1. Hey, what's the Cα Rg ratio for region 8-253 versus the globular rule of thumb, 2.2 N^0.38 Å?
2. Go through 197-204, 73-80 and give me the packing order, highest mean Cβ count within 10 Å leading.
3. Using only alpha carbon pairs under 8 Å that are at least six residues apart, calculate the relative contact order of the chain and give it in whole percent.
4. Rolling a 1.4 Å sphere over the protein heavy atoms, what is the accessible area per residue of the chain, to the nearest Å²?
5. Number of Lys pairs in the chain with C-alpha atoms less than 21 angstrom apart, excluding same-chain neighbours closer than eight positions?
6. Go ahead and estimate [θ] at 222 nm for the chain from helices alone: -39,500 (n - 2.57) per DSSP H run with n ≥ 4, summed, over the residue count, rounded to 500.
7. For the chain, which whole-number percentage of the solvent-accessible area (1.4 Å probe, protein heavy atoms only) is attributable to carbon and sulfur atoms?
8. At a Förster radius of 41 Å, what calculated FRET efficiency corresponds to the Cβ-Cβ distance of residue 212 and residue 173, to the nearest 0.05?
Amino acid sequence: MARVSGKIAFVTGAAAGLGEACALALAREGAQIIVADLNAAGARRVADCIGPAATSWAMDVASEQDWIATAAMMGLRFGRLDILVNNAGIVVNEDLETASLASFRRVNQIMSEGVFLGCKHMLDLLRESASASIVNMASTASHLGYHKYLAYCAAKGAVRSMTKAIAVECHAKGYPIRCNSVHPAGIETALERQSQGRADARAISETGVLPFGSNGLLHDVANLVLFLASDEARFITGAEHLIDNGATIWPAIA
Ligand SMILES: NC(=O)c1ccc[n+]([C@@H]2O[C@H](COP(=O)([O-])OP(=O)(O)OC[C@H]3O[C@@H](n4cnc5c(N)ncnc54)[C@H](O)[C@@H]3O)[C@@H](O)[C@H]2O)c1
């Protein structure tokens, strides 16, 4: 039996990078996928690649109106939601001295408010599931002082603590919903290359243990998200899952 067979999964930022990899992994393991992204053409491309088990959905995760419309569509079409992956994100290379209030707010609107709005407006549908899982994409930026991405750190810190509060609220209210955060570092994507100011993709081995300092591949994170989304992780909620090849414990790169 596939690991998320029969489940309905909604993945944001799924037109590229980690979101796309999560959508593909969940679909491979039997879920029906809604591929959501601001980039409508990219979302359609991923949904087409998955096939009949996928639908694309254009939305801005920072827009409450878009989340209200999304919840209405999901209610009519599916009547419930089993897996919500709040993954969409951007990075802006600004520190305390160079960041403006407007850019600080924009980054937090997408990655902090976007996660809040997703959890809030999908809650009623998640409550209809026999066993639901929210996976919020955070970062090691919630643990380390990446001073060049100040707003990004603030947003991911909010995701880290909001996840725990949502997990406890769902538990306290008897809702069948787990909520966890995932904290990657250095995964080879467009966002990662932008944050490092490089255009070239790094060659990374598909197999074996990687040396400290090496970047990871998309499926390294997608495998963790798949596990947390599945009922294999039924005893895990409110937990922060570092997936950084030791970056947070290695003083040389901290
Ligand atoms: N790549 C890494 O090393 C890394 C490390 C830690 C955390 N993350 C997190 O993983 C997530 C995905 O990052 P990625 O590296 O795959 O980036 P990416 O740039 O490859 O993909 C991000 C996707 O999010 C979409 N998006 C951006 N703003 C949106 C909005 N307002 N509404 C809907 N969709 C929107 C983009 O169109 C894109 O498809 C982000 O939350 C990021 O912070 C990535």
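1. Values: Rg = 17.1 Å, N = 246, 2.2 N^0.38 = 17.8 Å.
Against the compact-globule rule of thumb, the ratio is 0.96.
2. Values: 197-204: 9.5, 73-80: 13.9.
Most protected by this proxy first, the peptides run 73-80, 197-204.
3. On the way: 510 pairs, mean separation 48.0, N = 254.
So the answer I get is 19 percent.
4. Details: 11620 Å² over 254 residues.
Here the per-residue accessible area is 46 Å².
5. Numbers: 7/120; 120/156; 120/164; 120/173; 148/156; 156/164; 164/173.
Taking the chain as the scope, the lysine pair count is 7.
6. On the way: 8 runs with 101 residues, N = 254.
It lands at -12500 deg cm²/dmol.
7. Details: 6580 of 11620 Å².
In the chain, the share of accessible area belonging to carbon and sulfur is 57 percent.
8. Step by step, r from the Cβ atoms, then E = 0.45.
The values are calculated or read from the model by the stated rules, or taken from the named source; none is laboratory data. The shown structure was predicted, so the numbers you read here are calculated from the model rather than taken from an experiment. Here Cβ is always computed from backbone atoms with ideal geometry, including for glycine, and neighbour counts include all displayed protein chains. Remember, those area values only see protein heavy atoms, side chains included, never the ligands or the DNA or RNA. Shrake-Rupley method; radii C 1.70, N 1.55, O 1.52, S 1.80 Å.
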